[in-house]
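To keep things clear, I will list the structure first and then write my remarks on it.
The values are calculated or read from the model by the stated rules, or taken from the named source; none is laboratory data. Not measured: the values here are computed from a predicted model. All Cβ positions, glycine included, derive from the backbone under ideal geometry; neighbour counts span all protein chains shown.
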Amino acid sequence: MMTKQNSDYKKWRRELDIYHSCQKLTGLLNSSEFSFETFSKMTTNKVELYIYDLSRGMAATLSPMIIGKKIDGIWHTAIVVYGREYFFGSHGISSCNPATTALGDPLRILKLGDTQVPYSVFIDYINGLSESTWCGTTYDLFRHNCNNFSEDIAQFLCGASIPKYILDLPNEVLNSSLGPALPLLIGQLEKSARPIAEEQQRSREHSPDFEQLNSQIEEVRYRSLLLEERRKTIKEKLAKKEKKKEKKRKKLLRQGGPVPVELEDAAMAEAEVNGAEARVPSDQVLDLEEEERREEEEKKKAREPPIVYKDQLDAQTEFDALLGLIDGKISEEEQRFMEELQVYMVGEEGSWALSDGFLSFIGRLLHDKDLSTEVRVRTLNILAIAALKDDIILVLHQDRKDHVLMNYAFEIDRISPEEQSALALFIANMFENLSSSEWLMYISEWSYNNQQTSNIRVTTKVAVHSLLSDLPLLQERGTAIIHNLACKEVKTVVFDDVAVELTMALLQYFNSKPNEEHLYRCLKAISKFVLVSSQEVPQLIQMIGPDPRSFKGASERVDQLIDQISIKLR
């Protein structure tokens with residue numbers, strides 16, 4: 001579903017890609033080590049265009065008979081620079097050693113020029129394009145293909161263009177009397193333009209045995225890590241307690257006073273600590289778990305409170321509505337999952353009530369297009385309520401392999417407005433607990449729709465899309481998400497590039513003249529981001545605007561934030 005929001009988001013992403021590349025070059029030019037002498041010595045790299053004929057000569061022979069007009073080839077091109085071949089297709093941007101795709105050697109090699117763009121700048125530029133204007137889902141055979149990509153990269157590197165006859169391969173030839181048959185054929189040919197190693201890897205990954213083995217290995221590794229971490233934590237805490245007892249016992253002995261019974265045998269206590277990972281008394285474990293809960297509560301009190309929505313939804317109401325919508329449309333096993341959901345959400349029981357396949361059921365409710373939009377909205381509402389529960393992290397960890405929740409959230413610009421608002425509510429409420437808010441910021445990557453993504457990337461996308469929406473409710477929840485992101489231990493969790501992305505979105509949002517509450521949330525985020533990215537964010541504010549001081553007078557708390565930000569802008 002292409003919407004104005006989707007179009008605006010892509011335009012914003014493209015501007016951000018250009019900004020990052022300009023910033024990199026500006027930093028290089030402003031470096032104290034830079035001079036015209038060093039400029040003259042900068043490495044020059046040759047830029048070449050590899051030209052392939054997907055038809056392998058058949059187009060020139062058969063085209064007069066098929067379409068009544070001769071065409072020399074069905075062209076696929078790639079840019080070769082820095083010792084790598086870069087190209088674009090329905091799978092997104094790829095690179096490989098030159099001439100190592102299944103197409104073999106190129107038909108022609110054309111030198112386009114030389115570039116002095118540093119490799120690090122080029123890679124940043126390519127990475128930005130792969131997540132926005134040149135991701136796999138943007139591929140279009142006629143208007144956004146490999147040759148258009150080669151043209152953009154050639155312009156960026158050396159200001160050159162690829163041959164006009166390649167760019168002007170007439171659409172009327174491709175859209176000839178053959179109808180859709182020729183585009184489908186070319187689409188199949190285009191798939192061959194991939195590195196051979198990549199294709200071999202794909203064939204392995206698509207093997208059921210390979211996937212099952214990978215899943216089992218991941219499961220064992222995950223459980224082992226959890227167990228080891230738990231043992232380590234318990235051992236450390238028990239050791240700390242016993243050291244305190246030993247210190248107290250020695251002090252009492254030096255003073256000549258009586259030693260309590262529980263301190264008499266320190267050696268035995270120490271031996272128990274050393275063997276704690278194999279046999280921890282249940283009462284000690286319970287005490288430690290209670291202590292961990294107290295520590296978690298203390299951390300929650302000490303942090304800046306997140307903006308969450310606790311009283312907007314009722315669990316019983318949402319569950320009953322969902323049950324009525326899917327009654328008769330789910331299997332017997334799925335009915336059991338609904339019973340588990342009722343125990344967890346309405347019965348106020350722990351996540352122990354949910355079996356291992358529960359999130360697969362949630363995935364079906366979110367992704368099955370045969371179900372109504374309201375089913376997805378009610379499901380998201382229930383998840384938003386669940387996000388406020390202390391043990392939601394245990395549910396989220398079930399999603400480490402299939403990424404059901406985050407893959408759905410990644411598509412926020414393609415779902416209905418009602419779903420977008422419900423999804424934003426769920427993400428905002430995830431900041432209620434420390435563990436779930438940290439889960440939102442995991443940086444481990446996986447592939448979805450031929451794109452690399454991660455929890456932090458998806459969270460950032462939801463925040464930006466919501467903030468820049470035309471829907472007031474979605475905007476309101478977007479300000480909450482960005483506020484929560486910024487206040488979440490920003491120095492260690494929110495990285496520089498995320499801070500820059502969110503700042504750029506905030507500056508664009510300021511043009512909508514937000515009310516005092518939303519202005520406060522956004523300026524609060526800016527005040528955090530100028531600390532995280534102390535060079536790029538202030539530069540961005542000064543380059544793009546508006547100047548935060550233009551909002552002076554909105555309220556006393558807003559003025560305080562503006563004063564804090566202004567110090568960093570000097």
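The table below gives the values:
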read-out	value
So His403, is it crowded, with 18+ Cβ neighbours inside 10 Å, touching a strand residue (DSSP E or B) at 6+ places or on another chain (Cβ under 8 Å) and either of a type in the set (Lys, Arg) or not assigned by TED's automatic domain parsing to the domain that holds Asn127 (or both)	yes
From Lys461, Lys524, residue being of a type in the set (Lys, Arg) and either more than 21 Å from the chain's Cα centre (by Cα) or in the same structural domain as Arg570 (by TED's automatic domain parsing) (or both)	Lys524
For Leu440: the one exception among (1) buried (at least 22 other Cβ atoms within 10 Å of the Cβ); (2) in contact with a Leu (Cβ under 6 Å, 6 or more places away or on another chain)	(2)
Subset of the range 513-567 that is more than 26 Å from Asp470 (Cβ to Cβ) and charged (D, E, K, R) - its residue that is surrounded by the fewest Cβ atoms within 10 Å (Cβ to Cβ)	Glu556
Residue in the range 514-531 that is outside any helix (DSSP H, G or I) and either among the β-branched types (Val, Ile, Thr) or over 23 Å from Asn484 (Cβ atoms) (or both) present	no
Selection within the range 346-366 - closer than 11 Å to Ile382 by Cβ and modelled with pLDDT of 90 or more	Ile362, Leu365
Conditions (1) over 29 Å from Asp470 (Cβ atoms); (2) modelled with pLDDT under 85: number failed by Trp439	(2)
